[in-house]
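The values are calculated or read from the model by the stated rules, or taken from the named source; none is laboratory data. Just so you know, these numbers come straight off a predicted model, no measurement behind them. All Cβ positions, even for glycine, are placed from backbone atoms using ideal geometry, and neighbour counts span all protein chains on display. Keep in mind that these areas ignore ligands, DNA and RNA; they rest on the heavy atoms of the full protein, side chains included. Shrake-Rupley method; radii C 1.70, N 1.55, O 1.52, S 1.80 Å.
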Amino acid sequence: YSSEYTGGHLPSFIDTGTEGRFDFSTKMDIPRQLEQKPLALVVGPAFYPLEISLNGRVLFYQGAPGENAVSYVLNSTVIPRDKNEFAHQKRLHFDITVYAGPERHPLPQLYIDSYSAAVESVFRRNFVTTGIVQAGYFVALILAVYFFSMFIYHGKALFLYTAFAAFLYSLSIVVIVFNYPSNAFVLLEKISRVAFPLCVLALFLFFSEL
């Protein structure tokens, strides 16, 4: 792709004549206040296979060409693990290769920060994005088992609807809970999309019993 990328969604096949591969290049100047600190590159959520290289050496990759359905990741990442990777450099030259396929999501966020600040920032974001949701998933499953047991013991439909609502809610968020590069994203997305309206229906039946 030969034009300058200024943000937003990637161009379509019609605009570029490509089959979904985009090659980008960017330079980052190290701020003076960070020159003496261990640095890290933060990579935001990416929704397709990609590679990020520094001076021709691959630092990070996700998925592989043609594996778009298993390359949808919601978490941010800190790279590299070696705190001296960017030491004694004032300008970094990154190459980003994207295998977008039919997806047109914007490029993931990329920025340089001190290693400690980067780790803290990524932890906070991932905790809100997926950590809390994963905790909610297990709580919902526990509630589903509890209320189904209550239904068996008491025989009240109210407990059954509550159990179904909790179970269906847990299914509606599996696309976030089990989000990692090798998962079957398309399948999980379909499960979530089907489960959510059924969860709403179960809640409607629950309130109708009150």
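For beta carbons closer than 8 Å, sequence separation of 6+ or different chains, a first residue in the stretch 189-205 that is among the hydrophobic types (A, V, I, L, M, F, W, C) and a second that is part of a helix (DSSP H, G or I) and surrounded by fewer than 15 Cβ atoms within 10 Å (Cβ to Cβ), the qualifying pairs are Leu205/Ala157. Of all the residues in the stretch 91-111, those that are open to solvent by 30 Å² or more (accessible area, probe 1.4 Å) and assigned to a strand (DSSP E or B) number 6. With respect to the conditions (1) free of Cβ contacts under 8 Å to residues at least 24 places away in the same chain; (2) surrounded by 13 or more Cβ atoms within 10 Å (Cβ to Cβ); (3) more than 13 Å from Asn75 (Cβ to Cβ), Ser172 falls short on a single one, namely (1).
Condition check ((1) buried (at least 17 other Cβ atoms within 10 Å of the Cβ); (2) at negative phi; (3) in contact with a Cys (Cβ under 8 Å, 6 or more places away or on another chain)) across all residues:
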site	(1), (2), (3)
Leu141	no, yes, no
Gly155	no, no, no
Phe167	yes, yes, no
Phe196	no, yes, no
Ser208	no, yes, no
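Residues in the stretch 50-72 that are closer than 17 Å to His9 by Cβ and without any contact (Cβ under 8 Å) to a residue 60 or more places away in the chain: Leu50, Asn68.
In the stretch 146-153, the condition of being under 19 Å from Val43 (Cβ atoms) and open to solvent by 90 Å² or more (accessible area, probe 1.4 Å) is met by no residue. A single entry from Pro38, Pro31 fulfils the requirement of being touching a helix residue (DSSP H, G or I) at 6+ places or on another chain (Cβ under 6 Å) and more than 14 Å from Leu110 (Cβ to Cβ): Pro38. Out of all the residues in the stretch 29-49, which are open to solvent by less than 30 Å² (accessible area, probe 1.4 Å) and not in a helix (DSSP H, G or I)? Listed by number, the residues that qualify are Ile30, Leu39, Ala40, Leu41, Val42, Val43, Gly44, Pro45, Ala46, Tyr48, Pro49. Residue-level analysis places Ser121 outside the set of residues that are in a helix (DSSP H, G or I) and at pLDDT below 90.
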